[in-house]
Structures are given as structure tokens and as C-alpha cells.
Amino acid sequence: MGKKITDKVTWVGKIDWELKHFHGDELSTGKGSSYNSYLIRDKKTVLIDTVWGPYDTEFVAHLKEEIDLKDIDFIVMNHNESDHSGALPALMREIPDTPIYCTKKGEDIIRGLYHQDWNFVNVKTGDTLPIGDNTLTFVECPMCHWPDTMVTYADKEQILFSNDVFGQHFATESLYDDTVNQDELMHEAEKYYANILNIYNPMVKRKVDEIVGMNLPLKMIAPSHGVIWTDHIADIISKYQQWDSDYQENQITIIYDTMWQSTRLMAQAIADGIRDFDPTVRVKLMNAVKDDKNDIVVEVFRSKAILVGSPTVNMGVTFAIAGILEMIHGMKCKHKKAAAFGSFGWGGGGEKRIQQRLEEAGFEIAAEPLKVKWAPDTQAEQQCRDYGLKFAEAVAK
Ligand code: FEO
């Protein structure tokens, strides 16, 4: 069922309340998501993006309720990951000759995914497509977050169709930013940024600055996931300009796993030591098994420093710590500090593995690893507390 957002533009996407995991199982989406597709009916008719493949039949059926598909003059594919291009094959079976406007990389991806020789029209930054009262202008945004990504601006409507940029995995029937809980909305926007876009910070920064520098009149930013920004356009742009500049708050996050509670006790004593040095710092403890991995990524994103701890298992670290270190490595954080800790029974070694991965992830090591044999006694707990204090002191320098 379409939802009119201006006289000429109708939202024709899919709201996916059931979605709990995205990118396979890589990203938790507890608040669902949406795949936003937009139909512009000007002198020419343009469809912007489609939806994820499992919803292709209902997408095409609902589109037919809006318009005779043969009246679609152009399809614009801002980005071609499966969540936006998945319904293209079903649509193109109905209108096989319709031109698909996308970047060259976009064409490569569509060809690679669907193996079809459709009518591709490659566009670059600054290319325009007059469609009547509106002219569409394309801006390539490579690596925000795939190589093919671009955004499209409709000048008369004053809408920026931004695809994944400014998106959030957030299902809402009411579409607009002012209709939802603001804390939930901004949390989902930040979670999206930390988990999906942070890795490409320099490219995101360059593009957001470029788009801001274009001084486009904007009534809406219409992304491909979540709400359409209307009332909070300046807020989300301002947030992006903070997030894309090596973001950090006065926070230290301790991520740990534990088998028989020794490493947990170390984590708690280290937290006490950090607050001995600076009672104002926000300290968060996160269990790598029990906490959501993508929430842990958000806390790392917010932190000026992190500590990662694991018991030594088979001369290495636990499964959960290995996994979260891989995710942290993928964030490509800059200007954050870190250290490793853990308990052991005989050889040890887990803490060294953690430090190595933190170094490879780009963290500055603020203290050599701390390890405690068997369960920490009072003396060892004090040692951990002292370690936390020294770590916080080194982070403050
Ligand atoms: Fe990169 Fe929403 O797909």
C-alpha cells in the first residue's frame, strides 16, 4: 500500500516488522526495518530503489495498485545490495526494457547478482535527468557504504533520496521522524552508523561535507531504511558530522568473557580503578556472550578507550571474544586507546592475543596486558584496581 509523501512522490516500500537480523546474522535489528522505495510521478515516472527479494511479489503487486508498470519511464538504483535490488528481477520480468540509472559500479553489482543484460544507464556525480517539474541530480557516494552507492536529489520536491546514508533499521508505519520515539530513533541511527558506516568514516565525512556544501534546499531526506527526515534534518546532519569525525565520549568500555568468574572479577576491579582516577568517566561493562554484539560495537564507538578481557582457553581466547575482536577490527577506529587482560591457569596467552588484535585494529595500547592466575584473591583484585587507575591515567594523557 503506497503512502503519498508529496503531491508527486509516493512511498512504495516494505515495512519489515519481523526483521530481527540483517546482513545474514551480522547485525541485530530488534526494531525491525523498512526497505524504502519511492515513486515519482512527474511528466516522467521514476521508481527509486526496490525492496528485498523475499518481498518481491508483494512489492510488484502493490506497485501495480499504484500505477500501470508500463508507465514507469526510469528506474533509479541508488545502491544495489540485495535489500534494495532484490525485487528488481521480478519487476524487470514485467518491464524488461525500462532504463536503470545507476553508477558503473552499480551496474557491475546488478550484473553480478542477477546475471541479466538489462538496459543500464551509467551516471556520475553532477549528471542530471529532467523528468518534468523536477530535475534529478545524481551524486556518487562510493563506500558510503558500498562502492556503487549514490544519492539522488529531486529539486522541485526538495527531497534527497539518500539510500543507506542517514538510514536506520527502524520499522514505523507513520514514516516520519517526528512521529516516533526520539531516543529510539537516534539510538537506531547511531547503531546503524557505528556498525555499518564507521569503517568508511573518511569517505562519509567527505560526502556529507560535499552535500552540505551544495546548500540544497531540503524538505526531506528520504533514506532507504527507517524514517523519512523532515523535522530533524539539521539534527541528523549534525549527528553525522560528529560521528564521521573519529567520534568519542568520556566513556571507557570493558568487554569481557568469563568461564568461572575470574575474568569478570578482574573486569569489575578494573572498573573501580578507573573511577578511582576519574569519577566523571562513564564506565560500561559488557559481557561478550550475554550482551548484543552490535550494542557492544555502539559502546566501542562511543568510547575514548576500551579494555578487552578473556580467560585463556587452549592458549587463545574464547569464541565470543575472538568474534567481538573481529568486529572491532572492522570498525577501523582511530584515536582510541585500549588494553587487554585475562585470567589463566597455567600457560596464559589469551591476553597477548587480545593485545595483538587491538593493535591490528588501530588502537593505541595504553598499558601492557594484565593477567591473573586462577581466581583473583584480595591482593590480585587490588592489583586489577591499580591497573584500572593507571589505565585511566594513561588514557587521560
Ligand atoms: Fe547497503 Fe541497505 O543496503
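The values are calculated or read from the model by the stated rules, or taken from the named source; none is laboratory data. Not measured: the values here are computed from a predicted model. We place every Cβ from the backbone using ideal geometry, glycine too, and count neighbours over all the protein chains shown. Side chains included, ligands, DNA and RNA excluded: accessible areas come from the protein's heavy atoms. Shrake-Rupley method; radii C 1.70, N 1.55, O 1.52, S 1.80 Å.
In sequence order, segment 304-313 has phi-based couplings of 8, 7, 9, 10, 10, x, 8, x, 6, 10 Hz under the Karplus curve 6.51 cos²θ - 1.76 cosθ + 1.60, θ = phi - 60°, and Gly or Pro positions carry x. Our summary of shape: the Cα atoms of segment 305-397 have principal axis extents of 36, 32, 16 Å, ordered from largest down, in whole angstrom. In the chain, Rg over Rh equals 1.06, where Rg is the alpha-carbon radius of gyration and Rh the Kirkwood radius from pairwise Cα distances. Between the C-alpha center of segment 1-53 and that of segment 240-298 there is a gap of 35 Å. With both residues required to sit in segment 248-397, DSSP beta bridges show an antiparallel share near 5%. Sorted largest first by accessible area at a 1.4 angstrom probe radius, with every protein chain in place, the residues Tyr38, Tyr55 fall in the order Tyr55, Tyr38.
When the chain is treated as a Gaussian network with alpha carbon springs shorter than 10 Å, the biggest mean-square fluctuation among Pro202, Pro89, Pro130 belongs to Pro130. Accessible surface of Met315, taken over heavy atoms with a 1.4 Å probe and every protein chain present, rounds to 150 Å².
Any of Lys290/Lys336; Lys31/Lys290; Lys105/Lys304 with alpha carbons more than 26 Å apart? Name them for me. Display every interim value, and only then the final one.
Details: Lys290/Lys336 24 Å; Lys31/Lys290 19 Å; Lys105/Lys304 36 Å.
Going by Cα-Cα distance, Lys105/Lys304 fall outside the 26 Å limit.
The accessible area of Glu326, taken with all protein chains in place and a 1.4 Å probe, comes to roughly 110 Å².
Estimated from the Cβ-Cβ distance and a Förster radius of 25 angstrom, the FRET efficiency linking Ile237 and Lys156 is about 0.70. Residue order by solvent-accessible surface for His329, His23, His79 is His23, His329, His79, largest first, with ligands and nucleic acids left out and a 1.4 Å probe.
Take Asp278, Asp272 and sort them by solvent-accessible surface of the protein heavy atoms, 1.4 Å probe, largest at the top.
From most accessible down to least: Asp272, Asp278.
With 0.36 nm allotted per residue and the present C-alpha distance subtracted, the Phe319-Thr57 stretch has 90.4 nm of extension available. Here the sum of -39500 (n - 2.57) over DSSP H runs of 4 or more residues, divided by the residues of the chain, equals -10500 deg cm²/dmol at 222 nm, to the nearest 500. Per residue, the chain exposes 42 Å² of solvent-accessible protein surface, assessed with a 1.4 angstrom probe and all protein chains in place.
Using a 1.4 Å probe over the heavy atoms of the protein chains, calculate the carbon and sulfur portion of the accessible area of the chain as a whole percent.
51
Computed over the alpha-carbon pairs of segment 186-345, the distance histogram in 5 Å steps reads 2, 8, 16, 19, 16, 13, 10, 7, 5, 3, 1, 0, 0 percent, short to long. Build a GNM of the chain with springs between Cα atoms under 10 Å apart, and of Ala339, Ala234, Ala189 the one that fluctuates most is Ala234. Among the chymotrypsin sites (Phe, Trp or Tyr not before Pro) within segment 150-230, not one is in coil by DSSP while having at most 12 neighbouring Cβ atoms inside 10 Å.
For the chain, the cysteines with no partner cysteine C-beta closer than 4.7 Å are Cys102, Cys333, Cys384. Counting lysine pairs in segment 136-289 whose alpha carbons fall under 20 angstrom apart, excluding pairs fewer than 8 residues apart on the same chain, gives 9. Antiparallel beta bridges, as assigned by DSSP with both residues in the chain, represent about 45 percent of the total such bridges. Sorted largest first, the spans of the alpha carbon positions of segment 276-323 along the three principal axes are 38, 24, 16 Å. Does segment 39-85 come out rounded, prolate or oblate, given a ≥ b ≥ c as the square roots of the eigenvalues of its C-alpha gyration tensor, rounded meaning a/c under 1.5 and, failing that, prolate meaning a/b above b/c? In terms of gyration-tensor shape, oblate.
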